Amino acid sequence: MRMSQLILITFFPLTAMFGEMRTYLSKDGKKTFRGELIEYESSTKKAKMRITRGKVLTFPIEILSKQDQKYLEEQGPIVQAKKALSIDTKHYSKRIEKNKPAQGQWHFEKYAHNYIITVENNRDEMLRDVTVEYLFFVEKNRRQYQNKIEKISSSDTIDLVLSNGIETIATKSAHLESWSDNPVMPTGGGGG
């Protein structure tokens, strides 16, 4: 089974959110309703939807327009895959530079900061071509970078996530700097 999957991750930090409210049209073209697809069973051609008032309905898709039936048949496996995926992130920082300040200089350290995204497939079928799009906002640290935000964003594709398996992706890195609050002052000396 070949299935393309898209996962969008936006962190501020916020976790991924799934679900789309959409307007559906009846087969005769006279009635519409707004609903979010929760589940689709391809063997019975039945859809389970949450409608705008929060009520959950299960019905055969043949009552909908041909265009909506096609949409549900395409989206059904994706919805099932989304329900079976869990996503976790952890940040990772590595110091890449540290100065040895002289008198009157600021002490600073530079870091490469990124995230490890873990995708877990909780279903008994493998998933192919899982695309992960990510967007993280990281606040830079101290002095000239105070209150500045660096964005880490891109996408990556996992060729295969085995059934009940885990795969990880490392994001691009942000380069952060940490500065001391005060410059290095002269050490005490005599005087007369």
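Values in this text are rule-based calculations from the coordinates and carry no lab data. None of the values given here were measured: they were computed from a predicted structure. Virtual Cβ from ideal backbone geometry, glycine too; neighbours counted across all protein chains shown.
Above 14 Å, the calculated P(r) of the stretch 18-84 contains 54 percent of its Cα-Cα pairs. Take the Cβ atoms of H91 and R50, set R0 to 25 Å, and the FRET efficiency comes out at 0.15.
When each of Y71, Y24 is scored by the number of other beta-carbon atoms lying within 10 Å, the sequence from fewest to most is Y71, Y24. The stretch between K82 and S163, if pulled fully straight at 0.36 nm per residue, gains 27.8 nm over its current Cα-Cα span. On full extension, the segment bounded by K110 and S155 gains 13.7 nm, given 0.36 nm per residue less the C-alpha separation.
Taking the number of Cβ atoms within 10 Å of each Cβ as an exposure proxy, the fewest-first ranking of D124, D68 is D124, D68. The charge dipole of the stretch 43-146, taken about its Cα centre with unit charges on the Cβ atoms of Lys, Arg (+1), Asp and Glu (-1) only, comes to about 460 debye.
Calculate I(q)/I(0) for the stretch 86-179 by the Debye formula, one identical point scatterer on each C-alpha and no solvent, and give its log10 at q = 0.11, 0.13 Å⁻¹ to two decimals. These q points yield log10 I(q)/I(0) values of -0.45, -0.56. Cβ-to-Cβ counts within 10 Å put S178, S26 in ascending order as S26, S178, the fewest first. A straight Cα-to-Cα reach below 21 Å connects K70 with the lysines K27, K30, K31, K45, K46, K48, K82, K83, residues fewer than 8 places away in its own chain not being considered.
Local charge for G35 was computed over the other residues whose Cβ lies under 13 Å away, with Lys and Arg +1 and Asp and Glu -1, and equals +3. Segment E41..N99, full-extension length gain: 14.8 nm, with 0.36 nm per residue of separation and the alpha-carbon distance subtracted. Across the stretch 160-171, coupling constants 3J(HN,Hα) worked out from phi with the 6.51/-1.76/1.60 Karplus curve, θ = phi - 60°, read 8, 10, 4, 4, 6, x, 10, 10, 10, 10, 9, 6 Hz, and Gly and Pro carry x.
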